Structures are given as structure tokens and as C-alpha cells.
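In what follows, a structure is listed as C-alpha cells, so that the remarks can point back to it.
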Amino acid sequence: MNFEALIQQRQSVRKYSAKPVEKEKLMKCIEAARLAPSASNAQPWTFIVVDDTQLLSLIAKETRGPLGTFNNFVASVPVLLVMVLEKPTLLSEMGGRLKKKEYPLIDIGIAAEHFCLQAAELGLGTCMIGWFNEKDILSLLKIPDDKTIGLIVSLGYAPDGYPLRKKARKSLVSILRWNAY
């Protein structure tokens, strides 16, 4: 698949079939995330794969928004990737302080997109989940309290007939400037 087709195909999938994700495909997605660039090559992440059905169910409850109004699809996800932020290298941390940038968050975003693009190429669906009860998920996954979860990414097969939605994006003319704001 060429890159243009791949970015057109990649979308947030919020409905999953019961078909399990093959370990080889899962590992390809993780490898794509592992190879993502990061500030000063800090690689400030640990990836936790959650595929145990009981644990998935418990985590799904912790991703539902106020009044249970969103992320309800997580209850049907066969795999979650929990991306834990790790301490950056000294160089990355110093640079971030000087420039007032959260490089580990940027790095996690890049790694997550690598994961999602690889999944799309393999025919899998993903959705980046930013709303969750972090304290409870830290406990469920036995993650030390001093760690932060950067993102959770769902992974699985969309059901047959799941529509490829037209991308609703701002026009190029509204976001592009040349040589000055």
C-alpha cells in the first residue's frame, strides 16, 4: 500500500469484531512503535499489551467518560496497548525545560501513530484513547504510582461493512502559511 492510500485508510475505529488479533500482526505494530523517533533518542516509553478478557473488561470501565457517555466501544476491543511514559534522558529533559516543551508526550504521539499506521496497513483498526481514569488503570496493571500513562490505543478488526469515513479536515488554505504567520 502506498503512503497516501495508507493515511486515507487510517481512521479511529470505534467498533470491533470478536476476531482475535494475530500475534505476528500485533508484534509488527509494536515494532513500528518501537522504531519511532524520539527527542535525543530518549525512547521514553514502555508498552503494555492487554489481551486478557477479564482485564480488558475492567480497563474498559475505566475509559468511559462522565456518565458513561463515551468510549463505550472499548468493551468490545480484543487488544489494548497502554503506553506508559518513562523518564526522558537527561539531554531530552534539559532541552524540554529550556524550550518549555513536553518532549516525552510528543514522542508518545509519534510512537502511537507509527503503531496505528502499521495496524492500518495490516487491515487492523485502532483508536487512540486519551480519556481514562489513570489512577485505577495504574493499579489494575500494577504500574508504579510515579508513572504516567500517555495514551491507550485500541487494536482489533473492524466488523465487516465498517465504513471508511470521509476525512473531515480543515482546508489547506486555512492551515497553511508561507514564510510568515
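Each reported figure results from applying straightforward, stated rules to the coordinates on display, with no laboratory input. Bear in mind the structure is a predicted one, so any value in this text is a computation, not a measurement. In this analysis, Cβ positions are derived from the backbone assuming ideal geometry, glycine residues included, and neighbour counts consider all displayed protein chains.
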Which of the peptides 101-114, 1-14, 128-141 is most tightly packed, and how do the rest follow, going by the mean number of other Cβ atoms within 10 Å of each residue?
101-114, 128-141, 1-14
Using bins 10 angstrom wide from zero, how does P(r) for segment 56-146 break down, in % of all Cα pairs?
14, 37, 36, 13, 1
Running a GNM on the chain with Cα contacts under 10 Å, which residue among 118, 43, 54 ends up with the highest mean-square fluctuation?
54
What residue among 44, 159, 66 has the largest mean-square fluctuation in a Gaussian network model of the chain, using Cα springs under 10 Å?
66
Out of 90, 155, 58, a Gaussian network model of the chain with alpha-carbon springs under 10 Å gives the largest mean-square fluctuation to 90
Charge-dipole axis of the chain as Lys and Arg at +1 and Asp and Glu at -1 on Cβ define it, positive-most pick from 21, 154, 59:
154
